[in-house]
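Colleague: Pasting a structure here, questions to come.
Bear in mind these aren't lab numbers, they're just calculated from the coordinates by the rules spelled out. Given the structure is predicted, the values throughout are model-derived calculations rather than measurements. Positions of Cβ are backbone-derived with ideal geometry, glycine not excepted, and every protein chain shown enters the neighbour counts.
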Amino acid sequence: MNESKRRFLRRSVGVLASGLAAGGVRSAGAVEPPEIPPSMKIPGAGMGEYGSPAKYESKVTRTLIRSQPGTTGSGASRTPLESLEGTITPSGLHFERHHSGVPDIDPAQHRLLVHGMVKRPLVFGVDALLRYPMVSRIHFLECSGNSQLLYQPTPPNVTAGQTHGLVSCSEWTGVPLRVLLEEAGVDRSARWILAEGADAAAMSRSIPMAKAMDDAILALFQNGERLRPENGYPVRLFLPGWEGNMSVKWLRRLKVVSAPVMTKDETSRYTDLQGDGKSLMFTYPMEVKSVITRPSHGMTLPGPGLHQISGIAWSGNGTIKKVDVSTDGGRTWAAAPLVAPVLPRALTRFRLPWRWDGAAAVLKSRATDDTGAVQPERDRFVAEHGNNAIFHFNGIQAWSVAAGGEVKHVYA
Ligand SMILES: Nc1nc2c(c(=O)[nH]1)N[C@H]1C(S)=C(S)[C@@H](COP(=O)(O)O)O[C@H]1N2
Ligand SMILES: [Mo]
């Protein structure tokens, strides 16, 4: 351990007992347990066919739901990251990004065509797909437009979910794409696959064959149940770690081809104008990134004492190796413990106790992945990419804590 880290820990981690007492835990009094509460005096409510969250949690919803003018489904909704813990996003709070709304697809009618440079063009019904060997993988899905508000010259006045909530993490279960491609007999000279969705946007992307044969999944289940309509029911392509756009939902067609197709969705969109006037195309992996979800913008610390800093980190290139946390705007850093499970291309939770002395502070987190890539400071990121771009922002997020405890988005 180096000297700055030792100092950080000495300053941050105080005596547990006094810290917690200051944080709102009282000594037991007369009306506290073991007094018998009303819930113990009558039988509780009955069973339900499909469960919902506690009514007291009704404010925990998807957030910043926005659609293009004159439409209801051409837009996005975001995961309320600041209200969640752990790493799995409840399916009902998974972010949504649709280019032309959520189609109503009857699985009995749905077909998936595999054609192009193959020996045997094949058509699969959903029941047929369900008979193939499946894998289950925990992975994040991130829209490459996530955090685009941070390209703005002034810090956005919104919550962590509203800036960073175009990322969610689920257990995805389905058929490895390789299995179906091998069955169709892919021509050895084929290098790409066109994937097309059955929505009104006909979302279409060119997928490199190497990814298709590596870890691509035709996902049928999400967190144990069949996909939600908004996440691609009855079947979606899922490309671990790559920009969300390529994980084509409501998948209807895979055409094996020799070169990228240059669809509207990979030329006019998902191409990023850089500061030097050139554009980046085919920027597939989502780079290493993290955000502190608690405390974060819009919260107020109840007072000095022991607090827990909690956040998420992820990398489309591999596994999170380290998350450094600073409470002094980046002057000193300490490695935050990563909470198991730490999985490749999955959200990884970090938590660090912080003894707040009540003075103004600036919190930051900085993730490193197992390729050695380090999340850049925002200034450096914007200097390198310019601010015409809207995709692939992965700069460091800073939250200021005022002496009164108010937490706000800052550029620092
Ligand atoms: N068919 C189809 N697939 C699609 C889209 C779409 O509009 N239509 N949106 C894409 C984009 S931009 C993203 S970020 C992810 C979002 O997936 P989600 O809505 O399950 O979070 O789906 C991708 N797949
Ligand atoms: Mo996206």
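Colleague: Would you work out the charge dipole size for the range 295-351 about its Cα centre, treating the Cβ of every Lys and Arg as +1 and the Cβ of every Asp and Glu as -1, and quote it to the nearest 20 debye?
Modeller: Once rounded to the nearest 20, the dipole reads 200 debye.
Colleague: Arrange Ile138, Ile65, Ile292 by Cβ neighbour counts within 10 Å, fewest through most, would you?
Modeller: Ordered by Cβ neighbours within 10 Å, fewest first: Ile65, Ile138, Ile292.
Colleague: Right, next: Restricting to DSSP loop positions (anything but H, G, I, E, B) with no more than 10 other Cβ atoms inside 10 Å of their own Cβ, which trypsin sites (Lys or Arg not before Pro) remain in the range 201-283? Write out the running numbers ahead of the final one.
Modeller: Details: sites: Arg205, Lys211, Arg226, Arg236, Lys249, Arg252, Arg253, Lys255, Lys264, Arg269, Lys278; in loops: Lys249, Arg269, Lys278.
Of the trypsin sites (Lys or Arg not before Pro), the ones in loops of the range 201-283 whose Cβ has at most 10 other Cβ atoms within 10 Å are Lys278.
Colleague: What is the sum of charges around Val118, taking Lys and Arg as +1, Asp and Glu as -1, for the other residues whose C-beta is under 15 Å from the C-beta of Val118?
Modeller: +4
Colleague: For the chain, build the charge dipole from Cβ charges (+1 Lys, Arg; -1 Asp, Glu) around the Cα centre, then report which of Tyr411, Phe221, Gly298 sits farthest towards its positive end.
Modeller: Tyr411
Colleague: Mind jotting down the three principal axis lengths of the chain based on Cα atoms? Whole angstrom, largest first.
Modeller: Dimensions of the chain along the principal axes of its Cα atoms: 74, 65, 46 Å.
Colleague: Over the chain, what is the relative contact order in percent, taking alpha-carbon pairs closer than 8 angstrom and at least six residues apart?
Modeller: Reported relative contact order: 17 percent.
Colleague: Please state the charge dipole magnitude for the range 97-277, taken about the Cα centre, from unit charges on C-beta atoms (+1 on K and R, -1 on D and E), reported in debye and rounded to the nearest 20.
Modeller: Using Cβ point charges on Lys, Arg, Asp and Glu, the range 97-277 gives about 500 debye.
Colleague: Once you charge only the Cβ atoms, +1 for Lys and Arg and -1 for Asp and Glu, what is the size of the charge dipole of the chain about its Cα centre, to the nearest 20 debye? Show your work: numbers first, answer last.
Modeller: Details: 47 positive and 37 negative charges, 85 e Å.
Approximately 400 debye in magnitude.
Colleague: So which lysines pass the test for Lys211, namely a Cα distance under 18 Å, with those fewer than 8 places away in the same chain ruled out?
Modeller: The qualifying lysines are Lys249, Lys255.
Colleague: Follow-up question, since we're still on this one. What residue among Glu196, Glu82, Glu384 has the largest mean-square fluctuation in a Gaussian network model of the chain, using Cα springs under 10 Å?
Modeller: Ranking Glu196, Glu82, Glu384 by mean-square fluctuation puts Glu384 first.
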